Amino acid sequence: MGLFDRFRRAAAPPPDPMQQAMAAFAQGDHAAALNLWEPLARAGDPQAQCNIAACFLDGLGVAPDPKLALRWLEPAAAAGYPTGQRLLAGLLLRGDEGIDPDEGRAIALYRAAAEQGDAPAQDMLSWLLLEGEMLPPDPAEARRWALLAAEAGIASSMTRMGMLYHHALGVERDVAEAARWWRRGAERGDADGQAMLGAALHMGAGVAPDPVAALAWLLRARAGGSALARPFLDPVRAALDPAGIAEAEARAAAPLPEPSA
């Protein structure tokens, strides 16, 4: 080995533990990732704290333990880390085993994360503002957060935007705009968006009627677990001959189309 090679090796920066941990996690070695994250988390790194908490929530490399997840999320949220705020909010909203639910604090944490630009928190806050059980219904505010989340690529918020235009919640009713948003959500895999796009294609609401495409989207929606597809499946099937049904089933089994803008 030459002098230059020795110098280059000596001058090389040490491996980054976070990058090593993320690489191990991506390869399925959750235990190795946890071992690398733990000293970072104990030193106050909020990303490492959230990653450890997520492993305890999902049982990755460790037994599921919501209380230990809570212990790691508290300092991350207290540091203002939006992912920690959102994950802690979910724990407090659900009231997982051994955790007392706290809806008020959960909502405050979702809002804090949303205001920092955390798209999944914006999506959840939008849903809470429409649901009207924990917060007074506010369609205009729900639309604001849903639009931000949708622009960040959250498919469920795209579907919610469609619902807002379809039901004239905080906006003027526009069935074409509703269908456009449902298509965006559907193409990105949101099962409810697929169901609503299928229904729109069945009824010609905001789009030209297309029974084959309607059935294909409804079948995708049912496979994805959307209850919204159920009322439309039989009427759409009844409008097609066997060849049309077969074509729709083939489309439903194919990969999703390239998402539109």
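Derivation of every value follows stated rules applied to the coordinates shown; laboratory data play no part. Every value quoted in this text rests on a predicted model; they were computed, and no experiment measured them. Please note: Cβ atoms are built from the backbone with ideal geometry, for glycine as well, and neighbour counts cover all protein chains shown.
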Can you tell me the FRET efficiency between Arg230 and Val175 if r is taken as the Cβ-Cβ distance and R0 is 30 Å, rounded to the nearest 0.05?
-> 0.90
Using only the C-alpha atoms of the stretch 36-116, find the volume of their convex hull and express it per residue in Å³.
-> 73
How far, in degrees from 0 to 90, does helix 103-115 lean away from the longest principal axis of the Cα atoms of the chain, to the nearest 10?
-> 90
Computed over the chain, the relative contact order (Cα-Cα under 8 Å, seq sep at least six) in percent reads 8
When only alpha-carbon atoms count, how far does the chain stretch along each of its three principal axes, as whole angstroms with the largest first?
-> 74, 53, 33
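How much length is gained if the chain between Asp100 and Ala208 is pulled fully straight, taking 0.36 nm per residue apart and subtracting their Cα-Cα distance, in nm to one decimal?
33.9 nm
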Roughly how many Å is it from the Cα centre of the stretch 116-189 to that of the stretch 198-227, as a whole number?
-> 20
The size of the Cβ-based charge dipole (Lys, Arg +1; Asp, Glu -1) of the stretch 145-208 about the Cα centre, to the nearest 20 debye, is 60
Rounded to the nearest 10, the angle in degrees between the Cα long axis of helix 191-203 and the longest principal axis of the Cα atoms of the chain comes to 20
Report the label-to-label distance for Met134 and Glu249 in nanometres (one decimal), using points 7 Å from each Cα along the Cα→Cβ vector.
-> 4.2
Which length gain, in nm to one decimal place, applies between Gln20 and Arg237 when the Cα-Cα distance is subtracted from 0.36 nm times their residue separation?
-> 73.0 nm
With an 8 Å cut-off on Cα pairs and a minimum separation of 6 or more residues, tell me the relative contact order of the stretch 36-116 in percent.
-> 22
What are the principal axis extents of the Cα atoms in the stretch 1-145, in Å, biggest first?
-> 71, 33, 25
From phi via Karplus (6.51, -1.76, 1.60), per-residue ³J(HN,Hα) for the stretch 180-185 in Hz, x at Gly/Pro | 5, 5, 4, 5, 4, x
Rank Ala227, Ala142, Ala119 by mean-square fluctuation in a GNM of the chain with C-alpha springs under 10 angstrom and give only the top-ranked residue.
-> Ala227
Cβ-based exposure ranking for Ile99, Ile154, Ile52, Ile107, in which fewest neighbours within 10 Å come first = Ile99, Ile107, Ile154, Ile52
